[in-house]
Amino acid sequence: MNEQELKKYRNKLLVSDLILEVLLGKKPVSNALLEFPKDSEDLNIKCAFDALMYREADEDLRAKESDYAQVQDDFLMEIAMILKKNEDLPSNIISNYLNLNKESLISNDELTLKNILKKMKRMINL
C-alpha cells in the first residue's frame with residue numbers, strides 16, 4: 001500500500017470510528033464533524049460527512065418519527081462498516097449523494113463549530 005492509499009485508508013477508519021461514536025452516544029455530531037479529515041476530494045468521506053450533517057439537521061424529524069431515526073442510523077452504520085473494511089461506498093449511494101448534493105458541504109475551511117453551523121444552515125436552505 002503506497003502512502004496515498006494508506007492515508008485514504010486511515011481517513012476511512014477515522015470516519016468510521018467517528019460515526020460509530022455518534023451512534024453509540026459517545027460523541028455529539030458537532031464534535032465528530034470537527035474531527036473529520038479535510039479530504040474534500042474523496043466522495044466516501046464527503047458522503048459520510050453529509051450523512052452526519054443530515055442526522056444533526058433532522059433532529060426535529062428524528063424526535064417525531066422513530067422509524068425515520070432508525071433508518072437514518074442504520075444507513076450511517078452501513079456507511080461506517082463499509083469504510084471500516086476499506087471499501088468504497090456502493091455506486092447507488094454515491095449516485096444519490098451526487099444528485100442530492102450539488103454543493104459540497106465539506107471543505108478545506110477551518111473546521112470550527114461556527115463553520116459547521118453555517119454549513120448546516122446552508123444545507124437546510126438548499
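In segment 65-105, what count of residues is obtained for those that are exposed (fewer than 10 other Cβ atoms within 10 Å of the Cβ) and either assigned to a helix (DSSP H, G or I) or not charged (D, E, K, R) (or both)?
5
With the condition kept exactly as written, say whether any residue in segment 108-118 is surrounded by 13 or more Cβ atoms within 10 Å (Cβ to Cβ), modelled with pLDDT of 95 or more and within 27 Å of GLN4 (Cβ to Cβ).
Taking every residue of segment 108-118 in turn, none turns out to be surrounded by 13 or more Cβ atoms within 10 Å (Cβ to Cβ), modelled with pLDDT of 95 or more and within 27 Å of GLN4 (Cβ to Cβ).
Name every residue in segment 1-43 that is in contact with a helix residue (DSSP H, G or I) (Cβ under 9 Å, 6 or more places away or on another chain) and among the aromatic types (Phe, Trp, Tyr), in order of residue number.
The one that is in contact with a helix residue (DSSP H, G or I) (Cβ under 9 Å, 6 or more places away or on another chain) and among the aromatic types (Phe, Trp, Tyr): PHE36.
Filter segment 24-40 down to the residues that are surrounded by fewer than 18 Cβ atoms within 10 Å (Cβ to Cβ), in contact (Cβ under 8 Å) with a residue 12 or more places away in the chain and assigned to a helix (DSSP H, G or I) and list them by number.
SER30, LEU34
The values are calculated or read from the model by the stated rules, or taken from the named source; none is laboratory data. Keep in mind it's a predicted model, so treat the numbers as computed, not measured. When we count neighbours, we look across all protein chains shown, and the Cβ atoms used for this are built from the backbone with ideal geometry, even at glycine.
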